[in-house]
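Input: a single structure, listed below in structure tokens.
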Amino acid sequence: MKSDLYVALENRQIAPGIMRLSIQRSEATGGMRELPEREIGIKRKTPLNFEAEDWAYSPVEPGQFFMLKTRAVEPLLPRPLSVHEASGDVVVFLYQTRGAGTKAIAALETGDPVLATGPCGRGFPVDDITGRVALIAGGIGIAPFRYLARRLSKSPSISSLVLVAGFRSMLFGLEDIAPFVTEIRVATEDGSAGTKGFVTDIIAPAPFDAVLACGPIPMLKAVKDSCKSAGTRCLVSVEARMACGIGACLGCTINTRSGNRRVCVDGPVFPAEEVLFDGGE
Amino acid sequence: MEENKTTPNLVVDLCGLSLKNPVIAASGTFGFGEEIEPFYDPSILGGFCTKGLTRRPRPGNSGIRLQETRAGLMNSIGLQNPGIEAFVRDILPRIRRFGTAIIANVGGETMEDYVAACYEVSKSSVDMVELNISCPNVKHGGMAFGIDPDVAAKVVRSVKRSCRKPLMVKLSPNAPDIVAVARACEKAGADALSLINTISGLAIDVHARRPVFANVTAGLSGPAIKPIALRMTRDVSKAVSIPVVGMGGIETGEDAAAFIMAGAAAIQVGTAGLVRPDTCQRIIAELLEFMSREDIGSLSEIRGII
Ligand SMILES: Cc1cc2nc3c(=O)[nH]c(=O)nc-3n(C[C@H](O)[C@H](O)[C@H](O)COP(=O)(O)OP(=O)(O)OC[C@H]3O[C@@H](n4cnc5c(N)ncnc54)[C@H](O)[C@@H]3O)c2cc1C
Ligand SMILES: Cc1cc2nc3c(=O)[nH]c(=O)nc-3n(C[C@H](O)[C@H](O)[C@H](O)COP(=O)(O)O)c2cc1C
Ligand code: FES
């Protein structure tokens, strides 16, 4: 985990309200108020080969995240975004624009400086996941699954990998994951694509050895419950509001069987049975 | 050839404790120091304050704990901590090796809590105790002790009787008269004062038509509170003769210099260290750079000049 300056390589809308940002590690340094100017004409010398390369600086676990901050004076705090891909000196994020923080990130142009701290937290334990695996994504929860699917697809102990993705209406991010999975199932709330309904309508956990889920709390809770009755191992990636992202402020805690735990260092990936959604079961 | 200036001297004496420099990481924003190790060597710091410790372990508040505001952060953590016994037994031996001053920040709900907690922790190898009579985020006690000069004096006097380490009392900006509280604490035996803790504020979720925080109010910190913190640091420094440690919204070396000019012996950095983990390291470097540029040989040349 390090805090470094990066430059934005590409920041592009891939669906309404959904952006993809790649940042490249920079040699520049700068203080809080004097991040360097935009680098004009920045271009990668060699094309990225995500299929082959790993991130150059430290091992990155799928499900880990970076805290990102732009030059914008507001907001004050960095925002957590999951690693969508990491290769060479580049990290890629897939994100939904919501409030001031993600809008500031969406305004980044090629060459703009970005302060990034990471990789933060504990991700999915790739080496410890075996057999028939289902990845369940709700909306932008699909973000960490491209890198996760790529890593799992290389593992000899995985026999099948199914992606189950739920969206409100518009689909996104699927084609990036397709090369690494054996099957894709889709549900939309308005029925505009795939099955009309929720992800939990199109997957029964019983045939799987492990279910890995990322998405809104109600979805995670439903997935946890169905995995529990099926007796299937379930790991969930949870979100919390964060300030530091490194475990120093205790702002991001969630209620678990072993008390309040920090999402930013003890998570964001937890065994589902550990997490007490709504404070109770 | 450039004139060969000597490096400015940053050493600070804080009631007998010699600090390498005036930059101290503020309580609640630095864990127990271990989280910062991936970013820099904590031994470069003047010191750091632990997360608020209490006699018994506390789980902290439930619900939302953070809300960002314009140029600031509201928090309602509720003094989540493992308790003094576990701190002294499990954590302190691990962090002692940092080679910087460790200041134990102590919270409580009753007079007995404060006295027992300060006594317990002061028997350990911590360098100093910071008595937090200003936490706005605990239901009972906390800030209530720092609002009224007589109550503050009483708790300081009681704690001081059995506290074996220098006692720094952390003041609340929410007191109607912070100078009166400061004077009362000095008279009651405080060895130093630190200020300010967070300013009590309110955030409302208008869609849900309810307060954002379960405790209704929460504490505001960050750049937004700096002018208030500076003014209070100056007012209190002028009113007492014990050292005053200033904080509130410090982001840069020049901010640190401003607090020292307002009379602070040393400074603490909270929220800015959450924004960027290497902030304290940068502030030390920036302060040195500022002093060299302005030809200031030691902090005493600028302390309290405003
Ligand atoms: C470990 C982790 C990984 C994440 N990865 C991604 C990702 O890959 N792609 C992505 O699009 N988003 C991701 N998020 C969520 C993202 O961080 C939030 O959407 C973002 O912080 C919102 O900030 P904002 O300033 O845009 O919105 P704000 O104005 O701060 O808030 C907009 C809305 O989002 C809610 N909100 C604020 N912060 C968070 C938060 N941290 N989590 C959930 N809701 C929040 C607020 O209550 C509000 O309703 C991740 C969050 C975490 C904790
Ligand atoms: C997340 C958070 C937790 C805090 N916890 C404590 C605490 O446990 N004890 C304490 O005395 N002050 C606590 N504070 C207050 C800070 O130590 C400091 O007084 C205040 O934030 C003002 O400084 P700043 O603007 O640099 O953050 C906390 C502040 C924040 C932001
Ligand atoms: S965000 Fe600060 S402890 Fe997790």
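The values are calculated or read from the model by the stated rules, or taken from the named source; none is laboratory data. Quick caveat: nothing in here was measured; it's all calculated off a predicted structure. Note that we place each Cβ from the backbone using ideal geometry, even for glycine, and neighbour counts take in every protein chain shown. Side chains are part of the model used for accessible areas, which takes the heavy atoms of the whole protein and leaves out ligands, DNA and RNA. Shrake-Rupley method; radii C 1.70, N 1.55, O 1.52, S 1.80 Å.
Numbers for the structure displayed
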{"read-out": "Every pair of residues 6+ apart whose Cβ atoms lie under 8 Å, when the first sits in the range B:207-225 and is hydroxyl-bearing (Ser, Thr, Tyr) and open to solvent by less than 40 Å² (accessible area, probe 1.4 Å) while the second is within 7 Å of ligand 2 (Cβ to nearest atom) and in a strand (DSSP E or B)", "value": "B:SER221/B:LEU73; B:SER221/B:ASN75"}
{"read-out": "All positions within the range A:210-240 that are assigned to a strand (DSSP E or B) and within 16 Å of ligand 3 (Cβ to nearest atom)", "value": "A:SER237"}
{"read-out": "Flag if B:ASN75 is touching a residue at least 12 places away in the same chain (Cβ under 8 Å) and within 16 Å of ligand 1 (Cβ to nearest atom)", "value": "yes"}
{"read-out": "Filter result (within 11 Å of chain A (Cβ to nearest Cβ) and open to solvent by 10 Å² or more (accessible area, probe 1.4 Å)) within the range B:278-297", "value": "B:ASP278, B:GLN281, B:ARG282, B:ALA285, B:GLU286, B:GLU289"}
{"read-out": "Meets criteria (buried (at least 22 other Cβ atoms within 10 Å of the Cβ) and within 16 Å of ligand 1 (Cβ to nearest atom)) for B:LEU230", "value": "no"}
{"read-out": "Given (1) surrounded by 24 or more Cβ atoms within 10 Å (Cβ to Cβ); (2) more than 14 Å from every other protein chain (Cβ to nearest Cβ); (3) not basic (Lys, Arg), number of the condition A:THR130 does not satisfy", "value": "(1)"}
{"read-out": "Considering residues of the range B:80-103 that are without any contact (Cβ under 8 Å) to a residue 60 or more places away in the chain and outside any helix (DSSP H, G or I) only, the residue farthest from the other protein chains (Cβ to nearest Cβ)", "value": "B:GLY99"}
{"read-out": "A:CYS244 more than 11 Å from A:ALA134 (Cβ to Cβ), in the same structural domain as A:THR130 (by TED's automatic domain parsing) and either touching a helix residue (DSSP H, G or I) at 6+ places or on another chain (Cβ under 7 Å) or in a strand (DSSP E or B) (or both)", "value": "yes"}
{"read-out": "Residue in the range B:4-22 that is more than 16 Å from the chain's Cα centre (by Cα), within 14 Å of chain A (Cβ to nearest Cβ) and either among the charged types (D, E, K, R) or open to solvent by less than 20 Å² (accessible area, probe 1.4 Å) (or both) present", "value": "no"}
{"read-out": "Neighbours by Cβ (under 7 Å, 6+ apart or cross-chain): first from the range A:121-141, in contact (Cβ under 8 Å) with a residue 12 or more places away in the chain; second outside any strand (DSSP E or B) and basic (Lys, Arg)", "value": "A:VAL126/A:ARG151; A:GLY139/A:ARG168"}
{"read-out": "Yes/no for A:PHE180 being in contact with a strand residue (DSSP E or B) (Cβ under 6 Å, 6 or more places away or on another chain), open to solvent by 10 Å² or more (accessible area, probe 1.4 Å) and of a type outside the set (S, T, N, Q)", "value": "no"}
{"read-out": "Restricting the range A:241-260 to residues that are more than 10 Å from ligand 3 (Cβ to nearest atom) and closer than 14 Å to B:ARG58 by Cα, the residue that is surrounded by the fewest Cβ atoms within 10 Å (Cβ to Cβ)", "value": "A:SER258"}
{"read-out": "Any hit, the range A:218-240, residues being closer than 30 Å to B:ARG58 by Cβ, within 16 Å of ligand 2 (Cβ to nearest atom) and within 14 Å of chain B (Cβ to nearest Cβ)", "value": "yes"}
{"read-out": "Some residue of the range B:34-56 being within 12 Å of chain A (Cβ to nearest Cβ) and on the phi > 0 side of the Ramachandran plot", "value": "no"}
{"read-out": "1 or more residues more than 17 Å from the chain's Cα centre (by Cα): qualifying strands (runs of 3 or more DSSP E) within the range B:146-231", "value": "B:199-202, B:217-221"}
{"read-out": "Selection within the range A:95-120 - away from every other protein chain (no Cβ under 14 Å) and either free of Cβ contacts under 8 Å to residues at least 12 places away in the same chain or out of contact with any strand residue (DSSP E or B) (no Cβ under 8 Å at 6 or more places or on another chain) (or both)", "value": "A:ALA107"}
